[in-house]
Each structure stands twice: as C-alpha cells, then as structure tokens.
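The structure appears below as structure tokens.
The values are calculated or read from the model by the stated rules, or taken from the named source; none is laboratory data. This one's a predicted model, so the numbers in the text were calculated from it and none came from an experiment. Note: ideal-geometry Cβ built from the backbone for every residue, glycine included; neighbour counts use all protein chains shown.
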Number of protein chains: 2
Amino acid sequence: MSDFSITRLNASQNDFDGSLASLLAWDDSVDHQVNESVRHILAQVKARGDAAVLEFTEQFDRLKAGSLADLEMSKERLQQSLEAIPQNQRTALEAAAQRIRDYHERQNQQSWHYQEADGTVLGQKVTPLDRAGLYVPGGKAAYPSSVLMNAIPAKVAGVAEVVMVVPTPDGQVNDMVLAAAAIAGVDRVFTIGGAQAVGALAYGTESIPAVDKIVGPGNIYVATAKREVFGTVGIDMIAGPSEILVICDGQTNPDWIAMDLFSQAEHDEQAQSILISPDKAFLDSVEASIRRLLPTMERADIIAESLKSRGAFIQVADLDEAAEVSNRIAPEHLELSVDDPEALLENIRHAGAVFMGRYTAEALGDYCAGPNHVLPTSGTARFSSPLGVYDFQKRSSIIGFSASGADRMGRVASVLARGEGLTAHARSAEYRIKE
Amino acid sequence: MSDFSITRLNASQNDFDGSLASLLAWDDSVDHQVNESVRHILAQVKARGDAAVLEFTEQFDRLKAGSLADLEMSKERLQQSLEAIPQNQRTALEAAAQRIRDYHERQNQQSWHYQEADGTVLGQKVTPLDRAGLYVPGGKAAYPSSVLMNAIPAKVAGVAEVVMVVPTPDGQVNDMVLAAAAIAGVDRVFTIGGAQAVGALAYGTESIPAVDKIVGPGNIYVATAKREVFGTVGIDMIAGPSEILVICDGQTNPDWIAMDLFSQAEHDEQAQSILISPDKAFLDSVEASIRRLLPTMERADIIAESLKSRGAFIQVADLDEAAEVSNRIAPEHLELSVDDPEALLENIRHAGAVFMGRYTAEALGDYCAGPNHVLPTSGTARFSSPLGVYDFQKRSSIIGFSASGADRMGRVASVLARGEGLTAHARSAEYRIKE
C-alpha cells in the first residue's frame, strides 16, 4: 500500500469551489432497466397479491413456499433467535435498544391548542401512523442495528403495528436480525424482500397488510420501488452512499482519525471520507497512519478504493474556514475532533449528526449512542433531518370558531375570497356572519 | 339544474368498500410528454443558467427581457402594490397574516440536550434552512393567500432568504399577490414561472440564488419539475385535487352545508366534496339546497361537474361509523358539523385539518383562521402533515461522549460492529476504550 495517496485540496486554491463540487458529485441517475423491472414487479403484486409475491420470492430468493403464511415468522420464532445468539450480543443489543428508546422518547410531540378571547379554539393534534413497514436487507448486508434504529422510533411514536420484511435468500436466516426485531417490538415479520416486498407493503395483499409508510435501507431495486410507491404510502429518504467529514485541529491521535475515516470507507467503494484540518503536518501524519493501518484491515480493498476515488484531505486556514467548508458539504456524519467542540458547533449549520470531541467516534453513533443512524446523505442535511419519532407521527390542524369568531373572521375571509374570485368560499363564510 | 343528482352510498351496502375505493381513486399517472419537456427545460437551465431562463420566459410567458435583473421586482415595487390595492383588501391581508404568524409561532421547535451521569451529552440542534424558494402561480389562479401560507412559516422558522417566483404572462401583474409578498416579508421576487423557474431555484443561475427547498402550488409542469429536482433540493408535497369531507348530524342549515361543499367543488372539476350523515332526510335536504343554489353560483359549471363526477353523499348508521369512514378517506379538509365536535374528534385519526362545529366553515381555514391551508391530499393525511414551520427547519443529532462514556459504550459498539462484520467500526470504537 506504499503507493497509496489521497486527494489533497486547499481551501485557498483558486479552483477550490470547482474541485470541491467534483469531489462531492454523485451520480444518482436512474437505471432504465431497473425501473422497468421494478414497475413490472409492482404491477404484478398490485394485481395478483400473494400469488405474485410467492412467485417472485421463488424466482429471486430461491425460496419455495406454499402460501404466504409459510413466509411469516411468529413471535415465538423471533424469541428463539434472541435466545440463540451469544449472550454478549444479546446484552449489547438490549443496551443499544434502551439508549435508542431513551433518546427518541424526547422527540415525542404533544398535541396542543389555545383559546382566543371570543372562544375560538386553534390547535394541532398529533397522531401516530396506524401501521409502518420496515425493510431490512438480507444476506451479507444484514444489519441488526438498522432494525433497532428503524423500529424503535416507530414504536415510541405509538405506531400500532410495525411490519418487517427481510429476505432470506436460499432460506438463510440471520438470528441477530431477528433478535433485534424481538427486542425492538416488531409486530409481524415476513421473509420476503426486493421490489415485491415493497409492493406488498404499499398495496397490501391477502396476507400482508398495507402500511402507511415504508422505511429502511435496500439495494437499487428496493430504493427504486420505494420511489415508485411514494404517494400511495410515505417513505423515509432515498439514501446515497455514506459519508464522514472529520474536522481536526491536529491534536488527535492520527491513528484514531485514520480509523474513523476507514469506518465509513469500509461500507462500500462509493462511501466518502473527508478530513479537514488547518495543520498540514497532521494531514501528513494521518496519511502515514492510513498507509500503515490499511494492510491490517479486513476490508482493505474496499477501504482503499473508497479513499482513492472519493476521499480527500482539505487544508484550511483555521477552524472557522473548516466550519464554512463543512456547511457547504452538509455532511451526513461530522466529527469535531477539537479541543472546544461546543465553540465550533456554533458555526455548524448543516449536518445529519455531529460527533463532539476526540472521544466520540462516529461508530458509537452507528450503534448505541441513542440518536438515529439513519441520516440525510449527499448534502440533503441542508433541508432534512435524521429519521425520528416525528417521521412516524403526523399533525392535523384543529380549528373551532365560536359564533362571534366566525362573524369576525368571516368578514376577513369574504374580502380575500372575493379578491381571489372564489365566491362559494366567500358565501360559505358569509352564511356564518351575523345579520 | 333539475336533472342534477349526486352519487349516494350507504356504509351498510355490500359493495361499500369497493364503491368507496372507486370514488376516491385518483389517476396521478405521469404524462410522458410533459416529463420529456420538463427534463429538457431543467437540463437547459442547469447548463446555461440565466440565458435559458430568459429564452423560456420569452417563449412561454411572451415576456422579453434583456437580463434577469429586468425580471426582478424590487422591495419598493412590492410596496407600491401594497399601496395600490383597496384598503379593505390590505386590512384583510394584514389581519390574515397576523393570525397565520401567531399560529405558526407555536410550531417553532427548540434545540435540546441532556447530560448523562458520566458527562456524555446527547441532543438535537434545530436550525432553519438557509434559503427557501416559493412558487406562486400566475394568471387566473394567482392566490395571495397562498403567498401568506407558504412564506410566513418560512420566515417564522428563521429562513434568512425567501425567494419567490411568479410568472407574469404577457406582463400581467397581480397587485394583491405582490402586496401579500410585501406583508409576508418575502426577500426577493422574480417574475418567472414554469419548469424554468423551478430549475433556476434548484440549481441556481448567475442571477438567481439556489435554494434548499421549493414550496408552493403549480400546474403539471411545475409539479413535474419539483418531482424531478427533489433530492437536489427539498420540496413540499405534490398536491392532488382539493377535497372536503363534511360529517353532519343533520342539524346544520342544509344551505350552509351545500355551500361548504361548493367551496371545494369550485376549485376545479377534479375537486372532491363528500357529505356523510346518519340522517337520510337531511341528505335529501342538502341535495335540494344544491339544486336551488347551484344556478346562483358564478362557477356553476365547474361545481356541477365536480359534484357529479367526484362528489358523494354517504349514509351511515351513526357518527361512530362516520368517523370510521372518514379515517379510511383521510380527507384534506374535515368539517365536524355536529353538536359535540370534541367528542367526535376523539375518533378521528387522519385528516389534514379539522373544522369543529357548525360555525367553522372550511373557507375560514383557507384564509385567516391561522393554521396552514397547504394540506395533505388524496389520503396522504395518513402519513403527512400540513405545511408548517417544521418544513423549514431541520434537526442535527448531537453526540458528545466523555472519556468514560466512550469507554463504556465503545464496548457495546465493538460487540455489535463485529457482529455485523464491520471491523473498522469496531476498532474505531475500541481505540477509545481504556486499557
């Protein structure tokens, strides 16, 4: 790995804006072939329900079942998985779940209302979704932490039924994922996946109940299917590759920073790890750490490819400039590995999650800090938020006019409605005006 | 209009579920031609900026300008419009704006954090978007109330810059719209529209700043363009036709109910007005009112077509069943025209806005009640909310581990990361574990 090198940028260079834009550019163009395939699968599931789901499951997961009931996992089965995993894994999952629950409970929203002098009442009623669908990938990318992070906010929000789908290709079951479902309080589990599972959750079938919102990660077929059914149901976000941005003052152990960068890079070749520092010598030290540590990593090839193709070190004049560059990137994960992270946080406007100080490895946030690990990617932290309890609740405006309030406000509405040429609106309001 | 009749359903009939589903069915399939056209416009605006916007504005709005600067309206120009409109309109707009501001201020979210015993800090930081774009349709569907409803929540949220676009076909300017922009505190106004305006806001041009989120209604080209740029920027919702559902115990003046149904039906032929009552004689009375009042309406043709093609009266056994049917519809607007609306509200789980009691005409909510009139349509109230301050703010998770917190939680993260085969994650956490 002695030939390893990482892109270096300097915020003071002339073409920095263009270079940064190229670095961040991410091609999320839609694959026509995938689109066609997904539309076909969705249409079949919508039209033929269980039968179509069974056929696609046999075709794609090589799993033959006589009926959908055979593909449902009972709560007892989940409990068995919980008892089957090693005790240290169970303890860790339960500790993580508890912290995730504690944090998300603070996101619970309350209904409110207020009364005006004339008796008119205005308010906002908060209610949970009736039913949420949780997609969990199968195979090698099966992440029990993802089950906790998606299901717990739904249950905290008060969602009555959380329906999980997880493909088990060739019948391969991941006990840790099922154990996480048991701990998170998932209500029903079907071992189906792909676009057919998304379609089943969106439209409902004879055996699978239609949900109101579908959350959770998946491959390109799953992501495309979610995009297609959006409107029929809600969806969370369509996630891009994972990213980390580390701002370091140069005083953190360079090995720690190198490993933090690795922890994103190991996800896949498209993941993006960026380090910003005002200290050029420190950037050199981290590069040396990377060269030394890379050969010791189990996913060295993925990490190396990710760092080479999408990683970067950005040198800045000072931490103020570091914050400015960070705000332009609006990273999914932002580590402030500096002496006074609170001071630096003041300048941070856009980030999915901020990891404060040298001890807060991003990896802690992935598992057990408490906040959600489903975070806005590709700069969307400029306008969106981590997955939260608020994603499983919705608001209804409450408006109750007293007779005198309707009289007073009916006059205002009448003028505005007539100004817009909507006379039925005006007359409807005028009926409630006192003679 | 003596031949007028409205679809009647009874919740006890055998095929009620299917009939209700047909009634609510709404074809939102995408028009291929429109898609192609919008993609072309967006690509041109992205590549050529101002020049493309000027060309399309000349082509579609028959408005020739030498530069984009000629298409910007100064704050002084907005102020002129405010002074040009009749005093009663200005007073009404100002009264509405004040009530909208008062209500939305209660939606403001606060950042929070808490500290654990070992010094670990967890929190949620709330920040406004930097910049929001507001689309306002031109021509006959120019609604000043829409400017207030979209711009005020953004300003209450703390958005630094609200950029409004409004087409002025053939140079036709709507003073009431500009006056509303002045009252709402809109920062910049460009007289451009269509997909080219959406593209300019999403990508930015030499003269038009890129925004973080685009809100506001528009025609099929605007809606398609918003859908296309979603991801580059946030968008509000893609609205379907407007709907009202009235639940009445039979004791409200049938003329009032008829006019409330008209007030949605007059929007367009696709709008949907539904009345639910346990009282068959009352349904007959409202139908008689409709027959009598319809010929007196300025938009009689639109109203008649809307009621015939998409309207319905649904007879139920009692108010409990009315609530149940309403929850399946998840209406945009729900009027509870009954004696005890609070009791009925207990059973309502899904609705964009609820209008309580006989005096609360839906039209009041469109203009000046205070809550937003941008509401989820087509059953999406099952999982989404009215436009609000929360749409112009986003959250960042804050995670700050103390050295001893990182030690304790690093052990948990290590077990889970190794369980998922992510060893860089594990080692990054393990570096912070005490020896």
Please enumerate the residues belonging to the range A:413-425 that are out of contact with any His (no Cβ under 6 Å at 6 or more places or on another chain) and either surrounded by 20 or more Cβ atoms within 10 Å (Cβ to Cβ) or at the interface with another protein chain (Cβ under 7 Å from one of its Cβ atoms) (or both). A:A413, A:S414, A:V415, A:L416, A:G419, A:E420, A:L422, A:T423, A:A424, A:H425
Filtered residue count, the range A:218-237, keeping only those that are touching a residue at least 24 places away in the same chain (Cβ under 8 Å) and either assigned to a loop (DSSP other than H, G, I, E, B) or within 20 Å of A:H32 (Cβ to Cβ) (or both): 13
Subset of the range B:240-250 [surrounded by fewer than 24 Cβ atoms within 10 Å (Cβ to Cβ) and under 8 Å from B:S337 (Cβ atoms)]: B:D249
May I ask you to verify whether A:I183 is outside any loop (DSSP other than H, G, I, E, B) and surrounded by fewer than 24 Cβ atoms within 10 Å (Cβ to Cβ)? yes
Return the only residue of A:Q44, A:Q13 being more than 30 Å from B:M409 (Cα to Cα) and surrounded by fewer than 15 Cβ atoms within 10 Å (Cβ to Cβ). A:Q13
Those residues of the range B:298-321 which are crowded, with 21+ Cβ neighbours inside 10 Å and either without any contact (Cβ under 8 Å) to a residue 60 or more places away in the chain or more than 29 Å from the chain's Cα centre (by Cα) (or both), in sequence order: B:I303, B:S306, B:V316
Could you say whether any residue in the range B:367-388 is assigned to a helix (DSSP H, G or I), more than 7 Å from chain A (Cβ to nearest Cβ) and under 30 Å from A:S326 (Cβ atoms)? no
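Residue-wise test of (1) more than 15 Å from A:K75 (Cβ to Cβ); (2) of a type in the set (D, E); (3) in contact with an Asp or Glu (Cβ under 7 Å, 6 or more places away or on another chain); (4) within 13 Å of another protein chain (Cβ to nearest Cβ).
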position	(1), (2), (3), (4)
A:Y135	yes, no, no, no
A:V147	no, no, no, yes
A:N150	yes, no, no, no
A:K155	no, no, no, no
A:G158	yes, no, no, yes
A:V163	no, no, yes, no
Which helices (runs of 4 or more DSSP H) does the range A:14-105 wholly contain that include 2 or more residues that are among the acidic types (D, E)? A:50-61, A:75-84, A:87-105
Could you pull out the residue among A:A363, A:A403 that is facing chain B (nearest Cβ under 7 Å) and buried (at least 24 other Cβ atoms within 10 Å of the Cβ)? A:A363
Residue among A:D102, A:D70 that alone is facing chain B (nearest Cβ under 9 Å) and surrounded by fewer than 16 Cβ atoms within 10 Å (Cβ to Cβ): A:D102
Within the range B:134-144, identify whether any single residue is closer than 30 Å to A:V354 by Cβ and assigned by TED's automatic domain parsing to the domain that holds B:D102, and answer yes or no. yes
Could you identify the single residue in A:E266, A:E332 that is within 26 Å of the chain's Cα centre (by Cα), within 11 Å of chain B (Cβ to nearest Cβ), within 23 Å of A:R382 (Cα to Cα) and not polar (S, T, N, Q)? A:E332
For the range A:355-384, give me the residue count where each residue is farther than 15 Å from A:I100 by Cα and without any contact (Cβ under 8 Å) to a residue 12 or more places away in the chain. 2
Every residue in the range A:275-318 that is touching a Pro at 6+ places or on another chain (Cβ under 7 Å) and within 14 Å of chain B (Cβ to nearest Cβ), please. A:V286, A:S289
Does A:V173 satisfy the criteria of being over 18 Å from A:V374 (Cβ atoms) and part of a loop (DSSP other than H, G, I, E, B)? yes
Of residues in the range B:252-263 being outside any loop (DSSP other than H, G, I, E, B) and surrounded by fewer than 24 Cβ atoms within 10 Å (Cβ to Cβ), the one nearest to the other protein chains (Cβ to nearest Cβ): B:W256
From the set of residues in the range A:192-217 that are outside any helix (DSSP H, G or I) and at positive phi, which is farthest from the chain's Cα centre (by Cα)? A:G204
Looking only at the range A:339-353, decide whether some residue is assigned to a strand (DSSP E or B), touching a helix residue (DSSP H, G or I) at 6+ places or on another chain (Cβ under 6 Å) and either within 8 Å of chain B (Cβ to nearest Cβ) or without any contact (Cβ under 8 Å) to a residue 60 or more places away in the chain (or both). yes
For the range B:110-133, which positions are at the interface with chain A (Cβ under 9 Å from one of its Cβ atoms), loosely packed, with under 15 Cβ neighbours inside 10 Å and either touching a residue at least 12 places away in the same chain (Cβ under 8 Å) or aliphatic (A, V, I, L, M) (or both)? B:W112
Of (1) buried (at least 24 other Cβ atoms within 10 Å of the Cβ); (2) in contact with an Asp or Glu (Cβ under 7 Å, 6 or more places away or on another chain); (3) more than 8 Å from chain A (Cβ to nearest Cβ), B:G410 satisfies every one except (3)
Look through the range B:186-208, keep the residues that are among the β-branched types (V, I, T) and under 24 Å from A:R382 (Cβ atoms), and return whichever of them is surrounded by the fewest Cβ atoms within 10 Å (Cβ to Cβ). B:T205
Enumeration of residues in the range A:238-251 that are on the phi > 0 side of the Ramachandran plot and not in a loop (DSSP other than H, G, I, E, B): none
With at pLDDT 95 or above and over 22 Å from B:C368 (Cβ atoms) as the only criterion, which of B:V147, B:V156, B:V165 stands out? B:V165
Picking from B:E116, B:E76, B:E94, B:E105, which residue would you name as being touching a strand residue (DSSP E or B) at 6+ places or on another chain (Cβ under 8 Å) and acidic (D, E)? B:E116
Please count how many residues of the range B:160-177 are within 15 Å of B:Y135 (Cβ to Cβ) and among the hydrophobic types (A, V, I, L, M, F, W, C). 6
Say we look at the range B:389-400 and pick out the residues that are at the interface with chain A (Cβ under 7 Å from one of its Cβ atoms) and not small (G, A, S); which of these is surrounded by the most Cβ atoms within 10 Å (Cβ to Cβ)? B:K394
